[in-house]
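Worksheet: the structure to be examined is printed underneath.
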């Protein structure tokens, strides 16, 4: 069963992927498509560009995007509505507490206190916002590639 | 069952998919389930995803159905409405049947709405239908049938007052 185009859906939930456009962010929409012969649902990824002038969304965030009443450009059809789960800083909607991959942060803190906390341990409260190491050690905001040739005038900062 | 592959291939039969009861309301556009792979209190949600998710996606082809694994310690279902509202359903320690029943009551279309929609679809499908809600109201409007007795009186052998008259 063919899926209707993602660009025509009113509301979508997508994961942010690196994008070069200035005012927009690219989102990967994970949807299930029915294979008519096997009668099985397989994952199909659609990419949608959404208007995000302040670049609120970082790579890996799960974001809710809604369709614009009128297309901004040929590709930008949606706009960012709400960041549901920012990467690394997920809040459990039921309790409202911060979580780390299946454990509550305060629970981990308490366990660490009992065992003895190292002074060099990562402190969530004092950690700076995501993005302070961008272009220095964090290259998730761009698509990196393996360097295949050394160009004379090009520094190639995003080649691995 | 052709291609009887995978665990519980009965989930991949057309009969099973058509038998899905949960048809989400029109305003719901995104349906997400968050659960962990390990943990006894997540087992119910995990089974719900295993058994009922194909049915839900089959009955709602225009809804984005997504699952997120190992993100939060508690399992839950989150629905996003067109209006911007969200519906959060806690599934901690609930069995798959409990979750399914709860969803049917809260965000599923009622049986009456579904039946009404099925009838409406049938009426729109078949142009030969007549009656309430169709183009032709009465059988007398259909070419080839007896004209309306209001305009042209029926022949005497079809009229009760002549057939049952005691003479």
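The values are calculated or read from the model by the stated rules, or taken from the named source; none is laboratory data. A quick note: this is a predicted structure, and the numbers were derived from the prediction, not measured. Ideal geometry is used to build each Cβ from the backbone, glycine not excepted, and the neighbour counts take in all protein chains shown.
For this structure, a couple of remarks:
- Which numbered condition residue B:46 misses (of (1) more than 11 Å from chain A (Cβ to nearest Cβ); (2) more than 28 Å from residue A:9 (Cα to Cα)): (2)
Yes/no per residue for (1) without any contact (Cβ under 8 Å) to a residue 40 or more places away in the chain; (2) more than 19 Å from residue A:91 (Cα to Cα):
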residue: B:89; (1), (2): yes, no
residue: B:95; (1), (2): no, yes
residue: B:103; (1), (2): no, yes
residue: B:133; (1), (2): yes, yes
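- Test: residue in the range B:57-65 that is surrounded by 16 or more Cβ atoms within 10 Å (Cβ to Cβ), assigned to a strand (DSSP E or B) and either more than 14 Å from chain A (Cβ to nearest Cβ) or free of Cβ contacts under 8 Å to residues at least 60 places away in the same chain (or both): yes
- Within the range B:1-56, tally of residues that are assigned to a loop (DSSP other than H, G, I, E, B) and either in contact (Cβ under 8 Å) with a residue 60 or more places away in the chain or over 22 Å from residue A:93 (Cα atoms) (or both): 16
- Filtered by the rule that a residue be under 13 Å from the mean Cα position of the chain (by Cα), farther than 18 Å from residue B:78 by Cβ and surrounded by fewer than 20 Cβ atoms within 10 Å (Cβ to Cβ), the range A:1-44 gives A:17, A:18, A:28.
- Residue within the range B:113-136 that is part of a strand (DSSP E or B), within 22 Å of residue B:30 (Cβ to Cβ), at pLDDT below 95 and more than 14 Å from every other protein chain (Cβ to nearest Cβ) present: no
- Qualifying positions in the range A:122-136 - surrounded by 10 or more Cβ atoms within 10 Å (Cβ to Cβ) and without any contact (Cβ under 8 Å) to a residue 60 or more places away in the chain: A:123, A:124, A:127, A:132, A:133, A:134, A:135
- In the range A:68-81, residue nearest to the other protein chains (Cβ to nearest Cβ) [restricted to those that are surrounded by fewer than 19 Cβ atoms within 10 Å (Cβ to Cβ) and in contact with a strand residue (DSSP E or B) (Cβ under 9 Å, 6 or more places away or on another chain)]: A:81
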